[in-house]
Amino acid sequence: MIRIAIQSKGRLSEDSLALMREAGIKIDELKRKFLARAAGFPLEVLYLRDDDIPGVVASGSADLGIVGLNEVAETGADVVVVRNMGFGACRLSLAIPKDQEYTGPKFFEGKRIATSYPNVLSRWLSANGVKADIRKIMGSVEISPAAGIADAIFDIVSSGGTLVSNGLKEVETVLSSEAVLIARHGLEAEKQAILDKMLFRFDAVMESSGKKYILMNIPTDKVSEAVKILPAMRSPTVMPLAAEGWCSLHSVVLESELWDKIERLKALGAEGILVLHLDKVID
Ligand code: ATP
Ligand code: MG
């Protein structure tokens, strides 16, 4: 049995549960408790506030956790970062009122900076030889310059929309973050084996994201050109059709390149192109 701590409610909870669901680990969310047992996998889920997850893993009260790298950095918890999870992307940035000229890190000398991440900020300030007055506040950091509480802020940014609507501009990115899977040090062999099994499944799910399965009919004399457009995991599958001079070509493509590739394949004479959802990819 292995115990994983995930955020009880917030931006990371749905994606964390979805990943486990996709990996065939079922947790009864209707009867959600503080501690829940998964079905079909030797796993317990501990639902916590995200701030508490790194410490709970470091102390051994949970073996694993899914949490933002920003929280791991802020708590300074001594844990192993096992995987980037591919969701919850954001950054910790410094922002100042938009009408002020930014002159580099020295801008912050003697300034009041509001933040919920005093530890990450103070490391960045020392690394840049700047002395500033850190004001720790837990919520609504972005309104503090307008409210006269601070001269600048250090906060989580994703699209940047919140900064703009508060008359601020981002001037330094200090940490790029996403959700990470963390583990405590020194997992026993039995738990490590369960973790390896989970990772195998998580990797298959993550590997499939952003990819599509594509198949089409194509004249046999165009196959070699089509293969150049469609480099697959090893190489595309080509199967002869009953109709003379035609083949069926199967491959996996990145969703971001899908339409461009389809246009090029159509120009080569491809017909009956099907694009299918890809559930898992096991390398
Ligand atoms: P909790 O109640 O668990 O303490 P919270 O309010 O501290 O929740 P959320 O707002 O749910 O936290 O954010 C959880 C994590 O999601 C953040 O720590 C960060 O890693 C990530 N994240 C991604 N985009 C954003 C964003 N735009 N704003 C805030 N967090 C974001
Ligand atoms: Mg929190």
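Can you tell me how many residues within the stretch 225-263 are in a helix (DSSP H, G or I) and closer than 29 Å to Ala204 by Cα? Here the count works out to 13.
Scan Val81, Val72 and give me the residue that is touching a helix residue (DSSP H, G or I) at 6+ places or on another chain (Cβ under 8 Å), under 30 Å from Leu163 (Cβ atoms), more than 14 Å from ligand 2 (Cβ to nearest atom) and not assigned by TED's automatic domain parsing to the domain that holds Glu170.
Numbers: Val72 fails: more than 14 Å from ligand 2 (Cβ to nearest atom).
Among Val81, Val72, only Val81 is touching a helix residue (DSSP H, G or I) at 6+ places or on another chain (Cβ under 8 Å), under 30 Å from Leu163 (Cβ atoms), more than 14 Å from ligand 2 (Cβ to nearest atom) and not assigned by TED's automatic domain parsing to the domain that holds Glu170.
Name the residue, out of Thr173, Thr103, that is among the hydroxyl-bearing types (Ser, Thr, Tyr), out of contact with any helix residue (DSSP H, G or I) (no Cβ under 7 Å at 6 or more places or on another chain) and in a loop (DSSP other than H, G, I, E, B). Exactly one of Thr173, Thr103 is among the hydroxyl-bearing types (Ser, Thr, Tyr), out of contact with any helix residue (DSSP H, G or I) (no Cβ under 7 Å at 6 or more places or on another chain) and in a loop (DSSP other than H, G, I, E, B), namely Thr103. Here Val157 fits the description: under 29 Å from Gly65 (Cα atoms) and in contact with a Cys (Cβ under 7 Å, 6 or more places away or on another chain). Among the numbered conditions (1) of a type outside the set (Val, Ile, Thr); (2) surrounded by fewer than 17 Cβ atoms within 10 Å (Cβ to Cβ); (3) not in a loop (DSSP other than H, G, I, E, B), the only one that Gly139 does not meet is (3).
Scanning the stretch 204-234 for residues that are without any contact (Cβ under 8 Å) to a residue 24 or more places away in the chain and either open to solvent by less than 70 Å² (accessible area, probe 1.4 Å) or among the aliphatic types (A, V, I, L, M) (or both) yields Val227, Ala232.
In summary, strands (runs of 3 or more DSSP E) completely within the stretch 1-74 and bearing 1 or more residues that are free of Cβ contacts under 8 Å to residues at least 24 places away in the same chain occur at 35-37.
Checked against (1) open to solvent by 30 Å² or more (accessible area, probe 1.4 Å); (2) away from ligand 2 (no atom under 16 Å from the Cβ); (3) hydrophobic (A, V, I, L, M, F, W, C), Ala114 passes all but a single condition, namely (1).
The values are calculated or read from the model by the stated rules, or taken from the named source; none is laboratory data. Here the structure is a predicted model, which means the values were calculated and not measured. Cβ: placed from backbone, ideal geometry, glycine included. Neighbour counts: every protein chain shown. What goes into the accessible areas is simple: the full protein's heavy atoms, side chains included, and nothing from ligands, DNA or RNA. Shrake-Rupley method; radii C 1.70, N 1.55, O 1.52, S 1.80 Å.
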